[in-house]
Amino acid sequence: MRLLLTAHSRFTRFAAIAALFTAVAASGVAQTRINDTFSDGNLGTNTGGTGSGFSSRGTSLVTESGGALVFQAGGYNTQVIASNSANAFNPFTAGLPTTLTATFGTLGFDSSFNRQWFGYGVNGTSGNHWYPINGTTQGLYLSILYNNAGEDGTYGLAAGHRGNLIAVSNTGALTTLASWDWATQPTDGFSFSLTTTDTTYALQFTGATVSNYVLGASSGTLTGLGTISSNFNVNIHGQTASGGANGFTLDALSVTASAIPEPSTYALIFGTLALAGVIAHRRRQNNAARQAGN
């Protein structure tokens, strides 16, 4: 009988510890905000993934065709999309790292004029442009192959730096968080990830390498957003002079958020483990005393 009670006690301890570890694992599970592979042929819907699609509001419509979003208009026409309002969220949340990932099918570059901006803008933003020189839309803007020397002075940069990460505050003030040159220029199949919290950012690139950061770094402190009082949409702005192969297509876009377990959760686990250890130690001492008395 004593052996059965001991076995049951051990099972109960292990079950409790396992439950705690399961709770920690669950608290860090990724939450998918958007997952779109553009496979249903309709920009405004997302029947095969997560999220309700996008709306187009540039001077030339963005199309969804052949499993891709197509930004190839040319003629300096703006092609701008925003995730639908039903998918608005705050990607700048404490304890909730949020990652925006985009994978390109084709990625061209117009050496005479090239605007490519990706990131987050305040929910409900309208107009046929979405880029930080406007200075009116709060958000975080990432350029991959930016090329417009006339706008460099606004960012305080020398002409020719293709990659930039820029925050725009609720008052329209611009802050350049990072600016870089490419060692190998991004092309077809390139992908990027932008991870943010309320105080940090981190960039990751696949298919191209950075030669040097002229400002900032691949990760750092997120500043310049000002007061956040609204949720955000994913926004993309594409614009070239010649269009066609000098534009780009997107094969997939996703946004995921992964909760970081609270310190109190870890404290509970370690406290439980310590208590279990004390109980086991005392039980061994009691067993040893009983055996010695026999």
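Just so it is clear, none of the values below were taken in a lab; they were calculated from the coordinates. These figures come from a predicted structure and were not determined experimentally. Every residue, glycine among them, receives a Cβ derived from its backbone with ideal geometry; neighbour counts consider all protein chains shown.
Laid out as a table, the results:
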quantity: Table column - 3J(HN,Hα) (Hz), the range 72-89, Karplus curve with 6.51, -1.76, 1.60, x for Gly and Pro; calculated: 9, 5, x, x, 6, 5, 8, 10, 10, 10, 9, 4, 4, 4, 5, 9, 5, 7
quantity: Residue order, fewest to most beta carbons within 10 Å, for Trp182, Trp130; calculated: Trp182, Trp130
quantity: For Ser56, Ser126, order by how many other beta-carbon atoms lie within 10 Å, fewest first; calculated: Ser126, Ser56
quantity: Computed over the range 44-185: relative contact order in percent, which uses C-alpha pairs under 8 Å that are six or more apart; calculated: 17 percent
quantity: Packing-based exposure ordering (other Cβ within 10 Å, fewest first) of His161, His129; calculated: His129, His161
quantity: Amide hydrogen neighbours beyond the local backbone of Leu177, cut-off 5 Å, H modeled; calculated: Leu165, Ile166, Ala167
